[in-house]
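Everything on this sheet refers to the single structure shown next.
The values are calculated or read from the model by the stated rules, or taken from the named source; none is laboratory data. The structure displayed is predicted, hence computed values, not measured ones. Cβ coordinates were reconstructed from backbone atoms using ideal geometry, including for glycine residues, and neighbour counts include every protein chain displayed.
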């Protein structure tokens, strides 16, 4: 039997990969993909805990994560398209209009 | 057997997660993420969450990644973009965070120590739910979702409605007074 | 029953799927490898050039798609999630009864609002 802590470490690695991706990449689409990685890390944790605690609630929460991921993708990509129409770039360093 | 399966899935998940961040071409990143979603689904099967494994493939691999690929194609991103200047800082911060998380997990020994072991936690779960669990994964999820998590479920539908309206408003030509590229 | 035995028993349900995956991979890889060894290789400049219905290729294969595709794909994702919520509801329907029915009516009513909005905004039209 694989200990629960293994799943937690795996989830931590995936989450931090997404975190580092948000920090180091310039392409805004890769930034959104990194956020997808973070959401999947939480999903792994939810399902692992649900299995080890023998409680389905964790799996129900994955549904809500999924809903939020879909909403985030729909709105986030629409924002990227709107930005691209205005500035013709997906580089986050060029999107500095609100930077003081 | 279970350990082998776990380590195979974990190794591929970590590798493809790193590749998603490391690839310079967005299309390669999306394909790496696709491989990762399939392996996360495999991990869910070994954790007895069959319905979520199917959902993972249908929604993430089948719908969300298609949307990403559309946008990469839509914007016609040919140039390989570079990393931020502070790439060393980012990776260093990630390693520090990872060390901290692993230290926390190993020092707490969640699920291994007798004080808060899985047996004690299992006992604290309600027996009614445990009885339903044995009847089938999808049915158990449905029962839980439509009784205990009734209100979050309705909020989820509201979130989806707002997302749909917002995305149409942002992406539709001329709604915000902008022209198509 | 130990954990490993239990998992083996459980995973034996997935054995047909494993066989399918193995056969699919073996067929794909086998065909490619076999054709690599069997095919005659006599390359020349004309053969190695890009083939595009016989005419000279004049632009890159990757050209921008219209935004309409994005709107259709986005609506597909949202309604996909809706179907996802319907599935466990249908399976557990005899347990949750009329309350579950009422919840689902509210849920679908909210989606109908979004659908009407998309329709009125012309997001479902193609021109």
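Below are the figures for this structure:
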item	result
Selection status of residue B:20, outside the structural domain of residue B:164 (by TED's automatic domain parsing), touching a helix residue (DSSP H, G or I) at 6+ places or on another chain (Cβ under 6 Å) and touching a residue at least 12 places away in the same chain (Cβ under 8 Å)	yes
Search result, residues across the range B:23-56 that are closer than 20 Å to residue B:73 by Cα and free of Cβ contacts under 8 Å to residues at least 12 places away in the same chain	B:23, B:28, B:29, B:31
Conditions (1) in a helix (DSSP H, G or I); (2) surrounded by fewer than 23 Cβ atoms within 10 Å (Cβ to Cβ); (3) at the interface with chain B (Cβ under 7 Å from one of its Cβ atoms): number failed by residue A:14	(2)
Flag for residue A:90 being in contact (Cβ under 8 Å) with a residue 40 or more places away in the chain, buried (at least 19 other Cβ atoms within 10 Å of the Cβ) and touching a strand residue (DSSP E or B) at 6+ places or on another chain (Cβ under 9 Å)	yes
Hey, residue A:84 assigned to a helix (DSSP H, G or I) and in contact with a strand residue (DSSP E or B) (Cβ under 9 Å, 6 or more places away or on another chain) or not	no
Filtered residue count, the range C:106-118, keeping only those that are under 21 Å from residue C:73 (Cβ atoms) and under 25 Å from the mean Cα position of the chain (by Cα)	5
Condition broken by residue B:132, with the remaining ones in (1) at pLDDT below 80; (2) more than 11 Å from chain C (Cβ to nearest Cβ); (3) touching a helix residue (DSSP H, G or I) at 6+ places or on another chain (Cβ under 9 Å); (4) in a helix (DSSP H, G or I) satisfied	(2)
Criterion violated by residue B:174 - all others in (1) modelled with pLDDT of 50 or more; (2) over 27 Å from the mean Cα position of the chain (by Cα); (3) surrounded by 14 or more Cβ atoms within 10 Å (Cβ to Cβ) satisfied	(3)
Filter result for residue A:86 (under 26 Å from residue B:167 (Cα atoms) and either more than 9 Å from chain B (Cβ to nearest Cβ) or under 13 Å from the mean Cα position of the chain (by Cα) (or both))	no
Test: residue in the range A:44-62 that is more than 7 Å from chain B (Cβ to nearest Cβ) and under 30 Å from residue C:68 (Cβ atoms)	no
Test: residue in the range B:106-114 that is exposed (fewer than 12 other Cβ atoms within 10 Å of the Cβ) and at pLDDT 65 or above	yes
Filter result for residue C:102 (facing another protein chain (nearest Cβ under 7 Å) and more than 21 Å from residue B:137 (Cα to Cα))	no
